[in-house]
Amino acid sequence: VQLQASGGGLVQAGESLRLSCAASGRTLDVFTLAWFRQAPGKEREFVVTFSRNIDNSLYADSVKGRFTVSRDNPKNMVYLQMNDLKLEDTAVYYCAARSAAVVLSTRRADYAYWGQGTLVTVSS
């Protein structure tokens, strides 16, 4: 499966942004999906992972209550709604996929498929 993230941009602190991830090559409903991010000079870190029907999801503590993930399986799209953005949310955001699994994973190594990333910059 090929993943393409989009929707990044420059926003002010407190504003919202919605990222999209489009998939091609395979239908997304056979995958467990995730968003990761990488801030300048830092390691790529986990943001959220979620099951096929979003009934099982896991958020990083740093984004819990502000970020919400959704997916539209028929359209092969995944979304990350980011509200109340903070300076520390500045990063390149990546969508990732792995074969559907019962247990959600926050580990980068468990995800075989990655999009190219989209830059989110939050200014004060």
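The values are calculated or read from the model by the stated rules, or taken from the named source; none is laboratory data. Keep in mind the model is a prediction, meaning the values are calculated, not measured. Ideal geometry is used to build each Cβ from the backbone, glycine not excepted, and the neighbour counts take in all protein chains shown. Areas reflect the complete protein model, heavy atoms only, side chains present, ligands, DNA and RNA absent. Shrake-Rupley method; radii C 1.70, N 1.55, O 1.52, S 1.80 Å.
Candidates in the range 14-43 are the residues that are of a type in the set (S, T, Y) and part of a loop (DSSP other than H, G, I, E, B); of these, the one that is modelled with the lowest pLDDT is T27. All conditions in (1) loosely packed, with under 13 Cβ neighbours inside 10 Å; (2) in contact (Cβ under 8 Å) with a residue 24 or more places away in the chain; (3) of a type outside the set (A, V, I, L, M, F, W, C) hold for G65, with the sole exception of (2).
Each row is one residue, and each column tells you yes or no for (1) touching a Ser or Thr at 6+ places or on another chain (Cβ under 8 Å); (2) surrounded by 14 or more Cβ atoms within 10 Å (Cβ to Cβ); (3) over 22 Å from Q4 (Cβ atoms).
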residue: A23; (1), (2), (3): no, yes, no
residue: L28; (1), (2), (3): no, yes, no
residue: E43; (1), (2), (3): no, no, yes
residue: F46; (1), (2), (3): yes, yes, no
residue: N73; (1), (2), (3): yes, yes, no
residue: V122; (1), (2), (3): yes, yes, yes
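A single member of S57, S16 is touching a Phe, Trp or Tyr at 6+ places or on another chain (Cβ under 9 Å), closer than 25 Å to K86 by Cα and among the polar types (S, T, N, Q), and it is S57. In this structure, is L3 outside any loop (DSSP other than H, G, I, E, B) and surrounded by 14 or more Cβ atoms within 10 Å (Cβ to Cβ)? It is true that L3 is outside any loop (DSSP other than H, G, I, E, B) and surrounded by 14 or more Cβ atoms within 10 Å (Cβ to Cβ). Of the residues R52, R18, the single one that is among the basic types (K, R) and over 20 Å from D110 (Cβ atoms) is R18.
The numbered conditions (1) within 14 Å of the chain's Cα centre (by Cα); (2) open to solvent by less than 40 Å² (accessible area, probe 1.4 Å); (3) modelled with pLDDT of 95 or more are all true for V11 except (1). Filtering Y79, Y59 for residues that are aromatic (F, W, Y) and either open to solvent by 40 Å² or more (accessible area, probe 1.4 Å) or without any contact (Cβ under 8 Å) to a residue 24 or more places away in the chain (or both) leaves a single hit, Y59. With respect to F50, is the statement that it is within 11 Å of the chain's Cα centre (by Cα), farther than 30 Å from S124 by Cβ and not charged (D, E, K, R) true? When the stated conditions are applied, F50 passes them.
Among the strands (runs of 3 or more DSSP E) lying completely within the range 77-124, list those that include at least 1 residues that are more than 19 Å from R44 (Cβ to Cβ) and either hydrophobic (A, V, I, L, M, F, W, C) or under 13 Å from the mean Cα position of the chain (by Cα) (or both).
Qualifying strands (runs of 3 or more DSSP E): 77-82.
Taken as a whole, the range 86-100 holds at least one residue that is farther than 15 Å from L3 by Cβ, at pLDDT 95 or above, open to solvent by 80 Å² or more (accessible area, probe 1.4 Å) and not aliphatic (A, V, I, L, M).
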